[in-house]
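**Q** If you scroll down you'll find the structure; I have some questions about it.
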Amino acid sequence: MKAALLTAPNKMEVVRVPFPECEPGGIVVRVQACAICGSDVRTYLQGGETNVPREWLAGAGLESGRLMGHEFSGVIESVGERCTEFARGERVAVSPSLPCGRCHSCLAGRENICEDFRGLGQHLPGAYAEFVAVPEAALRAGNVHRLPDSLSPDEGALIDPLASVLNGQEKADIRPGESVLVIGAGPIGCMHAALARLSGAVPVILAQRSAPRLELARRLECADAYIDTGREDLCSAVLGLTGGRGCDVVIVACPSRQAQEQSLALVGRGGRIVMFGGLPRSDALITVNGNDIHYREITIHGAFAIRPSHFATSLKLIASGRVPARKYVTNAFPLDGIGEAFSAEVLKRSLKVVIHPS
Ligand SMILES: [Zn+2]
Ligand SMILES: [Zn+2]
């Protein structure tokens, strides 16, 4: 089969590798759509560890290779002899996170921060390929979901990112009438704004530095106010929109240290901050004033990955049309075009970019 491997920072190579092995209790999925995640872009820029079998590399004449891609949907190509729950030809979306189910976090119901976490497209080969093997552990954990006929492959690929946004929203605990600022109007930031609105937040403010992206967000109509931080001062704009108080909730949905630091000045007394985006490894130290947190009783939450229940809820929100996932996809590329799909030029002028390997 064809697979796109990250062989060095900024270098994606489409090569032929063996058909993935199907575990006795697992399935193999023919990938129809796999969306590019912000975390994939970060890995693409800094390089990542090999996660494919050595034989695959030897066959392709490569030293190292990482097969990413975890936001995907497709059609079941084969089922292991012990798998009775699913059949060949069924359309599915797969939650890529595999919690161990036994560690302290898992037993506490916080599988997203499992101590022995494994993920498709991270530790295991992912879905920037014609086929992806879904292990038995994923089926046992309830990670494989049938796609309703009404949902396209692209919409199926957006269930995982929306699920991760649900995890962040849970931390934000937005109540009706609260003001919410989302920094970063990428697909994740727009989803945060859309869900904040569903929770009754007023106003929902979306801030973004690059004008083309902000324009795409505007077209989604997911917020009440849009701030172009390339032209406007974020702080004065937010204070202006909130009667000088700052927002009840600030969600940082971009990989920016400066945005995380600035969030303290944008949140009001007793407010909550959700740090949603991961930072580049080389630029992850932030400076905050401890007294800002102490005297104004600010709560800072991290938010990472998803629990199995988030995936199920996300599927429901997309299938019901509450979140119009289709509108978030602005660009699609075949597997051979994955290099172009990851280029800065494309990413800057898009919301969600999807790869169609088959
Ligand atoms: Zn993702
Ligand atoms: Zn665990």
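**Q** Please work out which one of (1) more than 18 Å from the chain's Cα centre (by Cα); (2) open to solvent by 10 Å² or more (accessible area, probe 1.4 Å) is the condition Ala129 fails and give its number.
**A** Of everything listed in (1) more than 18 Å from the chain's Cα centre (by Cα); (2) open to solvent by 10 Å² or more (accessible area, probe 1.4 Å), Ala129 misses just condition (2).
**Q** Of everything in region 196-232, what is more than 19 Å from Pro255 (Cα to Cα) and among the charged types (D, E, K, R)? Give them in sequence order.
**A** Listed by number, the residues that qualify are Arg197, Glu215, Arg218, Arg219, Glu221, Asp224, Arg231, Glu232.
**Q** Quick one: in region 254-285, of everything that is out of contact with any strand residue (DSSP E or B) (no Cβ under 9 Å at 6 or more places or on another chain) and part of a loop (DSSP other than H, G, I, E, B), which residue is surrounded by the most Cβ atoms within 10 Å (Cβ to Cβ)?
**A** Pro255
**Q** So, one more: Would you confirm whether or not region 82-91 contains a residue that is within 16 Å of ligand 2 (Cβ to nearest atom), open to solvent by 30 Å² or more (accessible area, probe 1.4 Å) and among the β-branched types (Val, Ile, Thr)?
**A** no
**Q** Taking only region 165-223 into account, find how many residues are modelled with pLDDT of 95 or more and hydroxyl-bearing (Ser, Thr, Tyr).
**A** The qualifying residues number 2.
**Q** Going by the structure shown, is Glu71 within 22 Å of the chain's Cα centre (by Cα), under 20 Å from Pro308 (Cα atoms), open to solvent by 70 Å² or more (accessible area, probe 1.4 Å) and at pLDDT 95 or above?
**A** no
**Q** With the requirement that a residue be away from ligand 2 (no atom under 16 Å from the Cβ) and open to solvent by 30 Å² or more (accessible area, probe 1.4 Å), what does region 134-161 give you?
**A** Of everything in region 134-161, those that are away from ligand 2 (no atom under 16 Å from the Cβ) and open to solvent by 30 Å² or more (accessible area, probe 1.4 Å) turn out to be Glu136, His145, Arg146, Pro148, Asp149, Ser150, Ser152, Pro153, Asp154.
**Q** If you don't mind, another one. Can you list the helices (runs of 4 or more DSSP H) lying wholly within region 96-165 that have 2 or more residues being within 18 Å of Cys37 (Cβ to Cβ), within 16 Å of ligand 1 (Cβ to nearest atom) and in contact with a helix residue (DSSP H, G or I) (Cβ under 9 Å, 6 or more places away or on another chain)?
**A** Because the criterion is at least 2 residues that are within 18 Å of Cys37 (Cβ to Cβ), within 16 Å of ligand 1 (Cβ to nearest atom) and in contact with a helix residue (DSSP H, G or I) (Cβ under 9 Å, 6 or more places away or on another chain), the helices (runs of 4 or more DSSP H) in region 96-165 that meet it are 153-157.
**Q** Specify the residue that is surrounded by the fewest Cβ atoms within 10 Å (Cβ to Cβ); the eligible residues are those in region 109-119 that are under 17 Å from the mean Cα position of the chain (by Cα) and within 9 Å of ligand 2 (Cβ to nearest atom).
**A** The extreme case among them is Ile113.
**Q** Follow-up question, since we're still on this one. Quick one: which of Cys37, Cys100, Cys106 is out of contact with any Leu (no Cβ under 6 Å at 6 or more places or on another chain) and open to solvent by 30 Å² or more (accessible area, probe 1.4 Å)?
**A** Cys100
**Q** Within region 217-235, which residues are open to solvent by 70 Å² or more (accessible area, probe 1.4 Å) and not in a loop (DSSP other than H, G, I, E, B)?
**A** The answer is Arg218, Arg219.
**Q** I'd like to verify a number: residues in region 236-249 that are over 18 Å from Ile300 (Cβ atoms) and either open to solvent by 60 Å² or more (accessible area, probe 1.4 Å) or in a loop (DSSP other than H, G, I, E, B) (or both), how many?
**A** 8
The values are calculated or read from the model by the stated rules, or taken from the named source; none is laboratory data. The structure presented is a predicted model; accordingly, all values stated were derived computationally and were not measured. Ideal geometry is used to build each Cβ from the backbone, glycine not excepted, and the neighbour counts take in all protein chains shown. For accessibility, only protein heavy atoms count, side chains too; no ligands or nucleic acids. Shrake-Rupley method; radii C 1.70, N 1.55, O 1.52, S 1.80 Å.
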